[in-house]
Amino acid sequence: MARIIEAPLLNGEGCAPRGSAVGAFGKLNAAAARGLVYDDAVKAETDALYERVRHVVPEFEWPAFAPLIAAINRLKREKNAVILAHNYMTAEIFHCVGDFRGDSLQLAREAAKTDAAVIVQAGVHFMAETSKILAPEKTVLIPDLRAGCSLAASITGADVRLIKQRYPGVPVVTYVNTSAEVKAESDVTCTSSNAVQVVEWAAKEWGVDRVILIPDEYLARNVATMTSVKIIAWKGRCEVHERFSAEDIAELRAAHPGVVILAHPECPQDVLAAADYAGSTAALAAYVQEKSPRKVVLLTECSMSDNVAASAPATDFVKPCNLCPHMKRISLEAIHDALVTMEHAVEVEESVRLRAKQAIDRMLALPKTERPLDFEVGRREVAVEII
Ligand code: SF4
């Protein structure tokens with residue numbers, strides 16, 4: 001079984017304690033407050049699910065999680081609902097109630113295809129908006145309206161309109177981690193799995209040699225090292241990934257000789273220069289599954305290691321934990337309550353939806369790559385114009 005090794009904290013605030021009596025009591029209280037108990041029927045219903053999270057959930061905690069998990073899975077059947085679980089969800093959500101799991105792009109594709117009447121987005125608000133844009137006839141629920149995103153909050157539709165005035169004729173490629181309003185002002189969206197492909201397509205389609213890639217400055221800088229297209233960027237940041245540094249990598253290598261360091265492209269460029277491999281969350285998961293490194297560090301949101309570990313028994317995960325406070329708003333009890341009350345339904349105004357959909361559809365229409373993009377590590381920095 002994979003081992004999870006908590007690393008001393010780098011720059012972040014640290015993980016919620018796992019295996020603590022306090023955490024387990026909190027969940028027990030949450031279940032009891034909803035009239036849910038751990039009995040023989042719940043045990044029989046959930047024993048197989050426990051095997052998926054045994055590596056991160058101690059046995060004594062399971063009676064606290066199981067009643068909520070069993071209730072959520074029953075509610076999904078009753079309401080014809082599916083749960084889209086992002087890679088940054090905690091393991092009990094990701095593995096025990098998630099119907100579709102993955103990064104933003106994978107979840108967007110599932111939202112477009114599902115026959116379910118209700119989609120519960122176990123992720124943040126912009127992801128729920130994307131689901132609603134692609135599946136307007138469905139009820140899309142976000143279990144906690146406070147689940148925002150520092151990156152999405154860094155830019156507005158009005159900002160994009162001003163950018164277009166300043167750079168007429170230059171295509172706007174927008175990361176999916178943005179509001180519907182921002183997508184609606186954009187020409188095409190991208191994810192970290194396909195950003196280079198989309199940038200090169202946009203430059204060719206518009207017949208230009210430069211592209212506006214917003215709002216993540218570090219993603220834009222990392223893309224710029226891999227293409228001859230000139231990049232114009234915005235100064236948005238992900239508050240989780242911007243905290244990693246090249247010094248952290250040096251400390252991790254000193255403390256764990258031979259460890260393989262994998263980084264997400266929302267990290268600063270010096271982090272990618274010092275890492276062994278970089279890619280989207282889907283690419284990082286694929287790397288671990290294909291290469292089975294003995295010991296690995298994932299420089300991304302904290303829960304990702306717990307989730308990948310379930311299918312990588314030969315790998316030990318050193319976890320320098322940086323939590324996304326927005327993703328962590330989504331809990332089992334919030335998902336349970338969303339399915340009971342059918343709140344909070346996400347709506348996108350129709351004219352905004354149609355324009356945002358056009359930008360997403362352009363991305364989805366591009367040929368699907370066989371595997372997510374590898375970002376090359378150790379590359380020299382390339383000049384990027386910051387708006
Ligand atoms: S991890 Fe970063 S980009 Fe993702 S939701 Fe959190 S703040 Fe936003």
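Only the coordinates and a few stated rules stand behind these numbers; no lab work does. Just so you know, these numbers come straight off a predicted model, no measurement behind them. So basically every Cβ, Gly included, is an ideal-geometry build from the backbone, and we count neighbours across all protein chains shown.
Couple of notes before you dig in:
- For Lys295, the residues whose modelled amide H falls within less than 5 Å of its own, excluding neighbours fewer than 5 places apart on the same chain, are Val260, Asp316.
- With the highest mean first, a sort of the peptides 313-323, 99-109, 357-367 on other beta-carbon atoms found within 10 angstrom per residue produces 99-109, 313-323, 357-367.
- Over all orientations, the chain has a Cα convex hull whose mean projected area works out to 18.1 square nanometres.
- Taking packing as the residue-averaged number of other Cβ atoms within 10 angstrom, the listed peptides 59-65, 174-180, 304-310 run from highest to lowest as 174-180, 304-310, 59-65.
- For segment 193-281, the spherically averaged projection of the C-alpha convex hull amounts to 5.8 nm².
- Those trypsin sites (Lys or Arg not before Pro) in segment 142-199 that DSSP places in a loop and that have at most 15 other beta carbons within 10 Å: Arg146
- Segment 247-327: radius of gyration over Cα atoms, expressed as a fraction of 2.2 N^0.38 Å: 1.00
- Put simply, the C-alpha atoms of segment 214-369 give a gyration tensor, and the ellipsoid matching it has half-axes of 30, 23, 16 Å, longest first.
- Values of log10 I(q)/I(0), in the order q = 0.15, 0.23 Å⁻¹, for segment 39-172 under a Debye, Cα-only, solvent-free model: -0.80, -1.33
- Measuring between alpha carbons in the structure, the pairs from Lys27/Lys295; Lys132/Lys328; Lys113/Lys164; Lys235/Lys295 lying more than 25 angstrom apart are Lys27/Lys295; Lys113/Lys164; Lys235/Lys295.
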